[in-house]
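Q: Got a structure here, written out as structure tokens. Questions coming.
The values are calculated or read from the model by the stated rules, or taken from the named source; none is laboratory data. Quick caveat, the model's predicted, so the values are computed rather than measured. For neighbour counting, all protein chains shown are included, and Cβ atoms are generated from backbone atoms with ideal geometry for every residue, glycine included. Ligands, DNA and RNA are excluded from the accessible area calculation, which covers all protein heavy atoms including side chains. Shrake-Rupley method; radii C 1.70, N 1.55, O 1.52, S 1.80 Å.
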Amino acid sequence: MRPESRPRPEIRLDDEGGSPRVILTGDWTLRLLQPELGRFRQQLDQFAVDCCWDLDGVLRLDSFGALLLWRKWGRRRPSGLVLPDELDPVFARLAELGDGELPVEPGYRFLDGTEGVGRIFFKTLRNVVGFVALIGQLAIDFVHLLRTRGHWPVLETSANFYKVGVRAMPVTALVGFLIGVVLSYLSALQLRAFGADVFIVNILGLGIIRELGPVLVAVLVAGRSGSAMTAQIGVMRVTEEIDALAAMGISPYVRLVLPKVVALTLAMAPLTLWGSAVALFGGMVSANLQLDLSFDYFVNALPRAVPVANLIIGLGKGAVFGLLIALIACYFGLRVKPNTESLSANTTASVVTSITVVILVDAVFAIATRSIGLPR
């Protein structure tokens, strides 16, 4: 039956018989009450609670209509209530709720800011403790695998190496090439004004091989592979597959976490070399078009402008970044609770934390290696 054809809710007062009776008829549902809700509330306010309320003519009653009457009655049944048996469970559920009200947010307090800082501190501390516990568990499993070499997850490591390394090469090459072109173009504009065109090799070589290449690849991997790792482990937490592995006596750390950590650590060094090489090629193309520097000159001048130590530092950074990204991604994946909201929140936290840690560790590398590999 369409809503328009349903009997509309009505209220009337019957004074016959000596005692007043409030008679309700029709469908007391949200769809039919909402258009004239103000009028119904005014009508209900005209009748006393201690009247005889007759709901025998009510055909349908949803939670909205029941709550409207329940509040009018002061959250209790009137003494003279006439109620059909099929409507009794609705008011029984309201009675079970009691007099509970929605919690009221407290107003501003003087120490709210201090409390917020404390919450952030203890939350960070719990994450640090959990992260250290994860590293300790992986170290124990690694020592165990050294003693029992037949249990190494070789297939899992190989599959993860293909996913995070080989399949990331196209996007790394595209972004690296464009970054190299942009950096070369902007540098050429400044160097041409001072007649120092040849120093573009030094700028691109040091900037890309030592700093920009590893950081750029790490950010791309954190957004691509790190989020995928967190989501994969998180979904396994939601579907209780990790608990099933533990119940079968299979260590989730050996079969899930360790292959991802090893694969990303090993893949980041060649991936960083690949991204830096493509970025240098993009810079070489831009320098040839902007400053008319030949490819032969660029290739011959690069080893003289950039010592080999910078390449070692860049590859070392890539390996460390890969290790940290994999650990952070797996840690947040294991923290996922069995609901989709926790999955999305931890995936976002994984990417943001990974990028932040990469930048912080790169700053530490820059300070620690400030006197290594720089041309004198």
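Q: Using only the heavy atoms of the protein chains and a 1.4 Å probe, how would Glu96, Glu241 rank by accessible area, largest first?
A: Order by accessible area, largest first: Glu96, Glu241.
Q: For the chain, give me the percentage of DSSP beta bridges that are antiparallel, rounded to the nearest 5 percent.
A: 40
Q: If you count only protein heavy atoms with a 1.4 Å probe, what accessible area per residue comes out for the stretch 1-74, rounded to a whole Å²?
A: I get 58 Å² per residue for this part.
Q: Quick one: in the stretch 180-261, what % of C-alpha pairs are over 18 Å apart?
A: Pairs farther apart than 18 Å: 61 percent.
Q: Okay, next question. Using only the alpha carbon atoms of the stretch 312-375, find the Kirkwood hydrodynamic radius as the inverse mean reciprocal pair distance, in angstroms to one decimal.
A: Answer for the stretch 312-375: a Kirkwood hydrodynamic radius of 13.2 Å.
Q: Now for a separate question. Given a 1.4 angstrom probe, I'd like the percentage of the accessible area of the stretch 281-330 that is carbon and sulfur, rounded to a whole number.
A: Carbon-and-sulfur percentage of accessible area, whole number: 72.
Q: Right, next: Could you work out the local net charge near Asp50, counting Lys and Arg as +1, Asp and Glu as -1, over the other residues with Cβ closer than 13 Å to its Cβ?
A: Computed value for this residue: +4.
Q: Could you rank the peptides 30-43, 262-275, 194-207 by their average count of other C-beta atoms within 10 Å per residue, with the highest value first?
A: Going by the mean number of other Cβ atoms within 10 Å, highest first, we get 262-275, 194-207, 30-43.
Q: Percent of Cα-Cα pairs per 5 Å bin, from 0 to the last occupied bin, for the stretch 199-348, please list those.
A: That works out to 2, 10, 16, 15, 13, 11, 9, 7, 6, 5, 4, 2, 0, 0, in percent per bin.
Q: Using DSSP H assignments, which helices in the chain have an axial alpha-carbon span of 27 Å or above and a mean Kyte-Doolittle hydropathy of 1.0 or higher?
A: Both cut-offs are met by 169-194, 258-291, 308-334, 340-368.
Q: Students often check this: by mean Cβ neighbours within 10 Å, which of 52-58, 244-250 ranks highest, and how do the rest follow?
A: Ranking, from highest mean packing down: 52-58, 244-250.
Q: Using the Kirkwood formula over every pair of different C-alpha atoms, what hydrodynamic radius in Å results for the chain?
A: 27.0
Q: Can you list the lysines whose alpha carbon is less than 30 Å from that of Lys317, not counting same-chain residues fewer than 8 positions off?
A: Lys123, Lys163, Lys260
Q: Something else about it: For the chain, what does the relative contact order come out to in percent, with C-alpha contacts under 8 Å and a separation of six or more?
A: Taking the mean separation of contacting Cα pairs over the length of the chain, I get 17 percent.
Q: Leaving out ligands, DNA and RNA, what percent of the accessible area of the stretch 99-241 is carbon and sulfur, probe 1.4 Å?
A: For the stretch 99-241, the apolar C and S fraction of the accessible surface comes to 70 percent.
Q: Okay, helix-only estimate at 222 nm for the chain: each DSSP H run of n ≥ 4 adds -39500 (n - 2.57), divide by all residues, round to 500 deg cm²/dmol; what do you get?
A: Value at 222 nm, helices only, nearest 500: -21000 deg cm²/dmol.
Q: Kindly list the residues of the stretch 253-278 that lie in the label zone of Ile140, defined by a backbone N under 14 Å from the point 7 Å along the Cα-to-C-beta vector.
A: 253-254
Q: Same structure, new question: Just the number please: accessible area per residue for the stretch 271-310, 1.4 Å probe, all protein chains included, in Å².
A: Value for the stretch 271-310: 48 Å² per residue.
Q: Let me ask another. In whole percent, what relative contact order does the stretch 16-72 give with Cα contacts below 8 Å and a gap of six or more residues?
A: Relative CO of the stretch 16-72 lands at 55 percent.
Q: Contour minus end-to-end for Val82 and Asp50, with contour as 0.36 nm per residue of separation and end-to-end as the Cα-Cα distance?
A: Length gained, Val82 through Asp50: 10.3 nm.
Q: If you don't mind, there's one more thing I want to ask. So what is the accessible area of the stretch 180-267 per residue, in Å², with the probe set to 1.4 Å?
A: For the stretch 180-267, the per-residue accessible area is 43 Å².
Q: Treat each spin label as a single point 7 Å out from the Cα along the C-beta direction, and report the Tyr185 to Leu360 distance in nm.
A: For the pair Tyr185/Leu360, the computed spacing is 3.5 nm.
Q: Can you send over the solvent-accessible area of Val254, 1.4 Å probe, protein chains only, in Å² to the nearest 10?
A: Counting only protein heavy atoms, the figure is 20 Å².
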